[in-house]
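Trainee: Structure in structure tokens, see below.
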Amino acid sequence: MRLAFILDPIEHLKAYKDSSVAMMRAAAARGHQVFSIQRPDLHWLDGQVRARALSLTPTADNAAWYVAGEAATVALTEFDAVLMRQDPPFDFEYLTATWLLERAVQAGARVYNNPRAVRDHSEKIAITEFAAFTAPTLVARDAGDLNAFIDAMGDTILKPLDGMGGTGIFRVRADDPNRNAIVETLTDLGRQTIMAQRYLPQISEGDKRVLIIGGEVVPYSLARIPKAGETRGNLAAGGRGVAMPLTEREREIAEALAPTLWARGLLIVGLDVIGGHLTEVNVTSPTCMVEIHEQQGFDVATLVIETIEAEARSAG
């Protein structure tokens, strides 16, 4: 098969831990051709969504993880699958990419994750569809509403709706002398909607990343454990990643969501679970595949490629 990956600039990818690199290596190991596409190169012309695609041969060397081949501008329908793997922020350009990719799907391209589903699933607000599994949560921009929630909870987490890697996340207690300034900053004086959640002390045991691949629940999570003195478990914020078997509650949550998310075309989903509570549904570029493989031997990246292969066979 010919598989195209829409990526952040490939020279900036950290091959030793990047899930997209792991998937490209897994695809090449199974005999598939691999291509990279940069999001700015997506364009629509003469009824087709096209892009400049660079042929890559992945290597096992993390310092020089690929050998570049030829580049050509082609229609996305010429690939057996296209994987949109660019990181947020989910800004207007990202939104535009989903519109273009949706036109490619309409023309017959197989795109993962489905661009409409990505657009419809704000990674923070998506949890509101599954409120039975969440901690007390408020989505608002009014300072009065947010302060009332902080007073009621006593200890809260405030975060922007478009961040990743733990950026812009604050723990705010009811008696925090800086709480008004934090609320004003995060909401841009009431112009920006944010999320507030009851603080979950189980974060000390890890912010668990639970992966769902093609509706199949990966049996291991990656617990992102905060470093000393830190509230955030995100690896980008210095958290330590420990892969471990799912708890009963984590499996319950993942198995409840898996069929719905896969039916919407979400091939790769990363649930964030803290203390048995769903906190995010990540659908843009979920990661943690490498750590789970290295620590538990479960090859998530190969499972992704096998699922794509099965989908291609079923489509005839």
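Every read-out reported here was derived from the displayed coordinates using simple, explicitly stated rules and does not represent laboratory data. What you are looking at is a predicted structure, and each value in this text was computed from that prediction instead of being measured. Cβ coordinates were reconstructed from backbone atoms using ideal geometry, including for glycine residues, and neighbour counts include every protein chain displayed.
Trainee: Given a 10 angstrom Cα cut-off, can you work out which residue in Val67, Val172, Val49 is the most mobile in a GNM of the chain?
Mentor: Val67
Trainee: How far apart, in nm, are two points set 7 Å out from the Cα along the Cα-to-Cβ line at Thr57 and at Asp299?
Mentor: Each label point is offset 7 Å from its Cα along the Cβ direction, giving 2.1 nm.
Trainee: Angle, helix 92-106 long axis vs. longest principal axis of the chain, Cα atoms, 0 to 90°, nearest 10?
Mentor: Long axis of 92-106 versus the principal axis of the chain: about 40 degrees.
Trainee: Rounded to the nearest 0.05, what FRET efficiency do Val139 and Arg116 give with R0 = 30 Å and r taken as the Cβ-Cβ distance? Could you check? Please report the intermediate quantities before stating the final value.
Mentor: Values: r = 22 Å, r/R0 = 0.72.
The value I calculate is 0.85.
Trainee: Leu83's amide H: which non-local residues (gap 5+, or another chain) put their own amide H closer than 5 Å, with H modeled 1.01 Å from N in plane and none for Pro or chain starts?
Mentor: Counting only residues 5 or more places away or on other chains, the set is Ala4, Phe5, Ile6, Tyr112.
Trainee: To the nearest 10 degrees, how steeply does helix 248-263 sit against the main Cα axis of the chain, on a 0 to 90 scale?
Mentor: The two axes meet at around 50 degrees.
Trainee: So, one more: Using per-residue counts of other Cβ atoms within 10 Å, averaged over each peptide, order 11-17, 260-266 from highest down.
Mentor: Answer by packing, highest mean first, reads 260-266, 11-17.
Trainee: Obtain the nm distance between the two label points defined at Arg2 and Thr128 by a simple spin-label model: each point lies 7 Å from its Cα along the Cα-to-C-beta direction.
Mentor: Modelled inter-label distance: 4.2 nm.
Trainee: Oh, and also: Under unit Cβ charges (Lys, Arg +1; Asp, Glu -1), what dipole magnitude, rounded to 20 debye, does the chain have relative to its Cα centre?
Mentor: Details: 31 positive and 41 negative charges, 35 e Å.
Here the chain has a charge dipole of around 180 debye.
Trainee: Counting DSSP beta bridges with both partners in segment 2-115, what percentage is antiparallel, nearest 5? All intermediate terms of the calculation are to be shown ahead of the outcome.
Mentor: Numbers: 15 of 27 bridges.
Antiparallel bridges: around 55 percent, rounded to the nearest 5.
Trainee: In the chain, if every C-alpha pair distance is counted and binned at 10 Å from zero, what percent goes to each bin?
Mentor: 6, 26, 33, 23, 10, 2, 0
Trainee: Further question on the same structure: Going Cα to Cα from Lys159, which lysines come in below 21 Å? Please leave out same-chain ones fewer than 8 positions away.
Mentor: Filter leaves Lys124, Lys208, Lys227.
Trainee: If you don't mind, another one. Taking only Cα atoms, what is the 0 to 90° angle, nearest 10, from helix 143-153's long axis to the longest principal axis of the chain?
Mentor: 80
Trainee: Moving to a separate point now. For Glu306 and Thr231, calculate 0.36 nm times their separation in residues minus their Cα-Cα distance, and state this gained length in nm to one decimal.
Mentor: Working: separation 75, 0.36 × 75 = 27.00 nm, distance 3.69 nm.
Extending this stretch completely gives an extra 23.3 nm.
Trainee: For segment 20-162, count the residues as N, evaluate 2.2 N^0.38 Å, and divide the Cα radius of gyration by that value, please. Let's see the in-between values first.
Mentor: Details: Rg = 20.0 Å, N = 143, 2.2 N^0.38 = 14.5 Å.
Output field value: 1.38.
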